[in-house]
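What follows is a set of notes on a single structure, which appears directly below.
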Amino acid sequence: MLFDSHAHMDLIAEEELKEALSGAMTAKVKKIVSCSTSFPSNEKNLELAQKFPQILPALGLYPLDAMDLTPLELDKAFYFFKAEISKAIAIGEVGLDYKYATKKEDQEKQQQIFLRFIELAKESKKPLIIHSRYAQSQVLKMLEENKTEKVLLHSFVDSQKLMKRAAEMGYFVSVGLGVLENESIQKNICSFPLENLLFETDAPIRFGGETAAPAKIALIAQKIAKLKHTTLKEVEAQQEKNFRKLFF
Ligand SMILES: [Zn+2]
């Protein structure tokens with residue numbers, strides 16, 4: 001059994017969604033965590049989860065979207081999260097993104113919002129699914145300072161040093177389709193424990209000229225088995241263990 005630990009099913013057109021879900025089933029991808037990025041996205045993911053048991057919703061705000069909200073909008077958002085969090089499997093996709101937030105005040109605003117999500121995770125005992133573009137060290141520092149326990153670091157595969165630190169903190173890291181081609185990701189995965197690794201497609205992101213679909217998790221699993229010199233069966237068993245440990 002396989003799992004897609006980070007996708008955006010709310011962003012897939014209605015007419016393509018059923019096909020994506022049946023494709024995933026055929027590829028043995030039994031559950032898909034669908035991360036939210038904006039207000040409409042949160043509502044849509046909750047709605048999809050009601051209709052399709054394969055979809056597990058995560059509630060959150062993408063850091064760059066969250067940064068544009070007024071204090072009142074943010075309060076409203078957190079009121080909504082507190083009311084609805086019991087219906088969600090996790091909090092995500094939240095975190096920091098400094099690529100387009102180079103000003104100190106913008107970065108500080110993102111940090112304040114991220115702190116509120118960390119608090120929400122503690123109160124609700126839900127895991128955090130974290131985005132950390134250009135801010136990986138800062139994310140780890142904040143998680144450590146706040147003694148955060150259940151964490152999945154999305155696409156956190158660029159730095160062997162930071163990956164090692166994340167694993168030592170007991171966190172999970174998810175690897176996406178990049179591992180199929182990118183040699184530096186492959187190298188980093190080779191030295192990373194399978195016990196802390198989860199797979200993601202970030203569907204429907206574009207990858208290699210195609211739209212990523214959760215069924216492609218099977219390709220990641222095959223690649224990881226090769227890189228780790230183990231069997232696909234072993235990789236699947238460990239994925240299931242990891243997925244249950246983090247989300248249930
Ligand atoms: Zn994402």
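The values are calculated or read from the model by the stated rules, or taken from the named source; none is laboratory data. The model shown is predicted, which means the values in this text are computed figures rather than measured ones. No Cβ is skipped: glycine too gets one built from the backbone with ideal geometry, and neighbour counts run over all protein chains shown. Surface areas here come from the heavy atoms of the whole protein model, side chains and all, with no ligands, DNA or RNA. Shrake-Rupley method; radii C 1.70, N 1.55, O 1.52, S 1.80 Å.
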Exactly one condition in (1) closer than 28 Å to Lys141 by Cβ; (2) in contact (Cβ under 8 Å) with a residue 60 or more places away in the chain is false for Leu11; which is it? (1)
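Yes or no, residue by residue, for (1) within 16 Å of the ligand (Cβ to nearest atom); (2) surrounded by fewer than 19 Cβ atoms within 10 Å (Cβ to Cβ); (3) farther than 22 Å from Gln238 by Cα:
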position: Ile89; (1), (2), (3): yes, no, no
position: Lys99; (1), (2), (3): yes, yes, yes
position: Phe117; (1), (2), (3): yes, no, yes
position: Lys141; (1), (2), (3): no, yes, yes
position: Glu168; (1), (2), (3): no, yes, no
Hits in the stretch 6-20 (condition: within 15 Å of the ligand (Cβ to nearest atom) and in contact with a helix residue (DSSP H, G or I) (Cβ under 7 Å, 6 or more places away or on another chain)): Ala7, Met9, Asp10, Ile12
So which residues in the stretch 63-113 are closer than 24 Å to Ser174 by Cβ and of a type in the set (Phe, Trp, Tyr)? Phe81, Tyr98, Tyr100
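Just to be sure, is Ile185 of a type in the set (Val, Ile, Thr), open to solvent by 10 Å² or more (accessible area, probe 1.4 Å) and farther than 22 Å from Phe114 by Cα? Step through it out loud before you land on a result.
On the way: of a type in the set (Val, Ile, Thr): yes; open to solvent by 10 Å² or more (accessible area, probe 1.4 Å): yes; farther than 22 Å from Phe114 by Cα: yes.
Considered against the rule, which asks whether it is of a type in the set (Val, Ile, Thr), open to solvent by 10 Å² or more (accessible area, probe 1.4 Å) and farther than 22 Å from Phe114 by Cα, Ile185 comes out as yes.
Scanning the stretch 149-165 for residues that are within 16 Å of the ligand (Cβ to nearest atom) and under 13 Å from Leu198 (Cβ atoms), which turns out surrounded by the most Cβ atoms within 10 Å (Cβ to Cβ)? Give the derivation first.
Of the residues in the stretch 149-165, the ones within 16 Å of the ligand (Cβ to nearest atom) are 151-158.
Now narrow it down to the ones that are under 13 Å from Leu198 (Cβ atoms): 151-157.
Details: Val151: 23, Leu152: 29, Leu153: 27, His154: 26, Ser155: 18, Phe156: 24, Val157: 24.
It comes out as Leu152.
For the stretch 192-215, enumerate the residues that are away from the ligand (no atom under 16 Å from the Cβ) and of a type in the set (Asp, Glu). Explain how you work it out, then say what you get.
Let us first name the residues in the stretch 192-215 that are away from the ligand (no atom under 16 Å from the Cβ), namely 192-197, 208-210, 215.
Glu195, Glu210, listed by residue number.
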